[in-house]
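All remarks here apply to the structure that follows.
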Amino acid sequence: MNFLRTSTFIALLAGATLVNAACDTPAVPSAPDGSTATLDEMIAGQQAVKAFQAEAQEYRICLDEEMLISKAAAGEGDSEAKEDYKAQTDAYNASVSAEESVAGAFNSAIGAYKAANPK
């Protein structure tokens, strides 16, 4: 995975944690180096990706709940709630992007592993 892209997602998710303290931002796993990883390391990487995906889904469910509250309060004229809603929406979108990037990085690692370990 591109280091800059990974750093950006981590920063976005970390910022989201400050705004959405009730929702636990999942830690973004790094993909194994498929060209040098063992099968056990690839399996561990797959398990880390699956765990991250489950945690990211729970995080977004939590954000959904907070967004409903913020949206209702914003509809009643609460300007702080409008800002919260925007931050929660940004955090939600960053979580989706991070999940897509993690999956893409792991898929690349699988390709590299297969190339380094032909049958």
| request: Starting from the Cα of LYS50, draw a straight line to each of the lysines and keep only those under 21 Å, dropping any in the same chain fewer than 8 residues away. | output: LYS114
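Among rounded, prolate and oblate, which fits the range 64-116 when a ≥ b ≥ c are the square roots of the eigenvalues of its C-alpha gyration tensor, a/c under 1.5 means rounded, and a/b larger than b/c means prolate? Show your work: numbers first, answer last.
Numbers: a/c = 9.22, a/b = 5.26, b/c = 1.75.
Here the range 64-116 falls in the prolate category.
Quick one: putting +1 on the C-beta of Lys and Arg, -1 on the C-beta of Asp and Glu, what dipole do you get for the range 19-84 around its Cα centre, in Debye to the nearest 20? Don't jump to the answer; show the numbers that get you there.
Working: 4 positive and 14 negative charges, 49 e Å.
It comes to approximately 240 debye.
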| task | Using Cα pairs closer than 8 Å and at least 6 residues apart in sequence, work out the relative contact order for the range 56-119, in percent. | result | 30 percent
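So what's the net charge close to GLU58: Lys and Arg +1, Asp and Glu -1, counting the other residues with Cβ under 14 Å from its Cβ? Provide the component values of the computation, followed by the final result.
On the way: positive: LYS50, ARG60; negative: ASP24, GLU55, ASP64, GLU65, GLU66, GLU99.
Surrounding charge for GLU58 is -4.
FYI, it's all coordinate maths here, none of it is from the lab. All figures in this text were calculated on a predicted structure; none of them were measured in a lab. When we count neighbours, we look across all protein chains shown, and the Cβ atoms used for this are built from the backbone with ideal geometry, even at glycine.
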